[in-house]
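Quick notes on the structure that follows.
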Amino acid sequence: NPDIPRSVRRFCGPALKLILMLRDPVERSVSAYLHHIRHGAITPNDSILDSDLPLGIVDMSLFRVHLANWLDAYPAENIHIVKGLPDSRESAVTTVEAVCRFLGAAPPPLERYYFEPVFPGLPRVVDDSGVWLRAQGEYRRAPASRAGAEKIIGGERYLRVVSAEELARLRELLAGQAIG
């Protein structure tokens with residue numbers, strides 16, 4: 001909703017500082033799709049490309065559109081963009097320190113940091129043939145019948161939930177959305 005940034009400014013004021021943490025837009029969309037499958041909001045029978053899917057699975061990855069809306073409401077100096085998720089302890093510390101500098105706050109003591117993922121996501125494999133989920137564990141509650149493909153990876157059975165064609169189309173749709 002392009003009106004949200006203006007509403008936020010109206011209620012929170014023009015001095016509000018915003019922190020945007022942006023992942024690769026394709027990775028974010030796939031992650032959201034799998035999250036909503038896991039929680040039963042959609043099934044693997046729904047294509048990741050369905051335009052009427054709820055919950056902004058693809059739309060929320062249109063980062064340039066959303067950023068433009070925020071920049072209409074706030075100046076760039078009020079917005080700190082974190083590009084990607086920290087992938088190591090060092091990058092997590094660097095990220096937190098940069099955010100604290102932006103906010104004019106002291107970083108917390110290192111012993112207050114938590115380095116483990118809160119939710120590591122469903123075990124998945126992304127390769128040239130699509131996105132594959134392990135058929136055992138939590139995922140078994142939502143069996144895939146749409147894709148129909150399965151294969152053994154590392155001795156475990158995986159089911160394809162996003163085809164190579166869908167993944168290629170998603171990459172086309174989100175080309176140019178990465179920031180920085």
Would a scan of the range 118-132 turn up a residue that is modelled with pLDDT of 75 or more, surrounded by fewer than 14 Cβ atoms within 10 Å (Cβ to Cβ), in a loop (DSSP other than H, G, I, E, B) and not aromatic (Phe, Trp, Tyr)? yes
Note to self: PHE102 - would you say it is in contact with a strand residue (DSSP E or B) (Cβ under 6 Å, 6 or more places away or on another chain) and over 30 Å from LEU159 (Cα atoms)?
What the structure shows: yes
Condition set assigned to a strand (DSSP E or B) and at pLDDT below 90, scope the range 158-180, selection nearest to PRO44 (Cα to Cα): answer is VAL161
Of the residues in the range 83-107, those that are open to solvent by 30 Å² or more (accessible area, probe 1.4 Å), touching a residue at least 40 places away in the same chain (Cβ under 8 Å) and part of a helix (DSSP H, G or I) number 2
Inspect all residues belonging to the range 19-39 and state whether any of them is within 18 Å of the chain's Cα centre (by Cα), farther than 27 Å from GLU172 by Cβ and open to solvent by 50 Å² or more (accessible area, probe 1.4 Å). yes
Log entry, pairs with first residue in the range 61-82 being within 21 Å of CYS100 (Cα to Cα), second being among the basic types (Lys, Arg) and outside any helix (DSSP H, G or I), beta carbons closer than 6 Å, six or more apart or on different chains, reads ASN78/LYS17
Taking the range 91-115 and keeping residues of a type in the set (D, E, K, R) and at pLDDT 90 or above leaves GLU97, ARG101
Of those in the range 44-69 that are open to solvent by 60 Å² or more (accessible area, probe 1.4 Å), in a loop (DSSP other than H, G, I, E, B) and not acidic (Asp, Glu), the residue modelled with the highest pLDDT is ASN45
Exercise for review: With respect to ALA15, determine if the residue is more than 16 Å from LEU174 (Cα to Cα), modelled with pLDDT of 90 or more, among the small types (Gly, Ala, Ser) and in a loop (DSSP other than H, G, I, E, B).
Suggested key: yes
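The values are calculated or read from the model by the stated rules, or taken from the named source; none is laboratory data. Quantities reported herein were computed from a predicted structural model and do not represent experimental measurements. Don't worry about glycine lacking a Cβ; one is built from the backbone with ideal geometry, like all the others, and counts go over all protein chains shown. Keep in mind that these areas ignore ligands, DNA and RNA; they rest on the heavy atoms of the full protein, side chains included. Shrake-Rupley method; radii C 1.70, N 1.55, O 1.52, S 1.80 Å.
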